[in-house]
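Notes to accompany the following structure.
The values are calculated or read from the model by the stated rules, or taken from the named source; none is laboratory data. Model, not experiment: these values are computed from the prediction. Cβ placement follows ideal geometry from the backbone for every residue including glycine, while neighbour counts extend to all protein chains displayed. Just the protein is used for accessible areas: all its heavy atoms, side chains included, with ligands, DNA and RNA removed. Shrake-Rupley method; radii C 1.70, N 1.55, O 1.52, S 1.80 Å.
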Amino acid sequence: MLHRSIIFLVMMTLIGCSQQPENAGRSPKAETRGFSVTQIRNLRIVPENPRTDMPLQVDIELRGDRPEWINYQWLRNGEPILGAIGPSLGKEQLHKGDFISVTVCAKKQGGNVDEKTSDIVVIGNIPPVATFAGIEPSTPQSNETLKAFGVAYDGDSDQVDFVYQWIANGEPVSYTHLRA
């Protein structure tokens, strides 16, 4: 029975494809008037190397007719982000190490619907910024021990390590590794 059904479907497909279309004598321009096609050709997230300090945007290239509407759904680690349904995703939604993608659905009224999901981007690290470096005491005497210190800001709240290089009379003296 299954074999007969498959043969029937193949026969119907061949017959349907071999018939002359109703508008065979019309110009190619007239053929496309009755059916609207919109296709998502390219879809990507920008910037290419995203971090938590910058919003994400959809970069989309469409083929065919202009769609009546486009829907967006951003995904974090494969799960929809509640309320993230626009062409951009705010930086407040991003965390270092997240896997982010976006699904876009474009529809032409009376025509087709095309849906595509972008490649995944991984949210990267924000490099720390040293905001201050100093030596104590501020006016040392020759018999006093000097102490170096630094202050830094890290946008991902990562631990910041400092590497100090002491220089005396233009020459490196030693290296010390300390945690802040």
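With the condition kept exactly as written, say whether any residue in the range 87-98 is out of contact with any Ser or Thr (no Cβ under 8 Å at 6 or more places or on another chain) and free of Cβ contacts under 8 Å to residues at least 24 places away in the same chain. Yes, the range 87-98 contains at least one residue that is out of contact with any Ser or Thr (no Cβ under 8 Å at 6 or more places or on another chain) and free of Cβ contacts under 8 Å to residues at least 24 places away in the same chain.
When restricted to residues that are modelled with pLDDT of 95 or more and either open to solvent by 60 Å² or more (accessible area, probe 1.4 Å) or polar (S, T, N, Q) (or both), the range 16-50 contains 1. Please go through the range 52-74 and pick out each residue that is open to solvent by 50 Å² or more (accessible area, probe 1.4 Å), in a strand (DSSP E or B), without any contact (Cβ under 8 Å) to a residue 40 or more places away in the chain and not hydrophobic (A, V, I, L, M, F, W, C). If the condition is that a residue be open to solvent by 50 Å² or more (accessible area, probe 1.4 Å), in a strand (DSSP E or B), without any contact (Cβ under 8 Å) to a residue 40 or more places away in the chain and not hydrophobic (A, V, I, L, M, F, W, C), then GLN57, ASP59, GLU61, ARG63, ASN71, GLN73 are the ones that fit. I need the full set of residues from the range 147-172 which are over 28 Å from THR52 (Cβ atoms), open to solvent by less than 70 Å² (accessible area, probe 1.4 Å) and either touching a Cys at 6+ places or on another chain (Cβ under 9 Å) or of a type in the set (A, V, I, L, M, F, W, C) (or both), in order please. Answer for the range 147-172, where residues must be over 28 Å from THR52 (Cβ atoms), open to solvent by less than 70 Å² (accessible area, probe 1.4 Å) and either touching a Cys at 6+ places or on another chain (Cβ under 9 Å) or of a type in the set (A, V, I, L, M, F, W, C) (or both): ALA148, TRP166, ALA168. Scanning the range 75-112 for residues that are open to solvent by 80 Å² or more (accessible area, probe 1.4 Å) and either over 12 Å from the mean Cα position of the chain (by Cα) or at pLDDT 95 or above (or both) yields ASN77, GLU79, PRO80, LEU82, ILE85, GLU92, HIS95, LYS96, PHE99, GLN109. Against the list (1) within 30 Å of PHE162 (Cα to Cα); (2) at pLDDT 90 or above; (3) touching a strand residue (DSSP E or B) at 6+ places or on another chain (Cβ under 9 Å), the condition ILE126 fails is (2). Evaluation of GLY150 against the conditions (1) out of contact with any Lys or Arg (no Cβ under 8 Å at 6 or more places or on another chain); (2) assigned to a loop (DSSP other than H, G, I, E, B); (3) of a type outside the set (Val, Ile, Thr) shows that the sole unmet condition is (2).
Restricted to the range 124-143, and to residues there that are of a type in the set (Val, Ile, Thr) and outside any loop (DSSP other than H, G, I, E, B), the residue that is nearest to the chain's Cα centre (by Cα) is VAL129. Whether any residue in the range 89-101 is in contact with a Pro (Cβ under 9 Å, 6 or more places away or on another chain) and either more than 22 Å from ASP53 (Cβ to Cβ) or in a strand (DSSP E or B) (or both) is what I want to check. Yes, the range 89-101 contains at least one residue that is in contact with a Pro (Cβ under 9 Å, 6 or more places away or on another chain) and either more than 22 Å from ASP53 (Cβ to Cβ) or in a strand (DSSP E or B) (or both).
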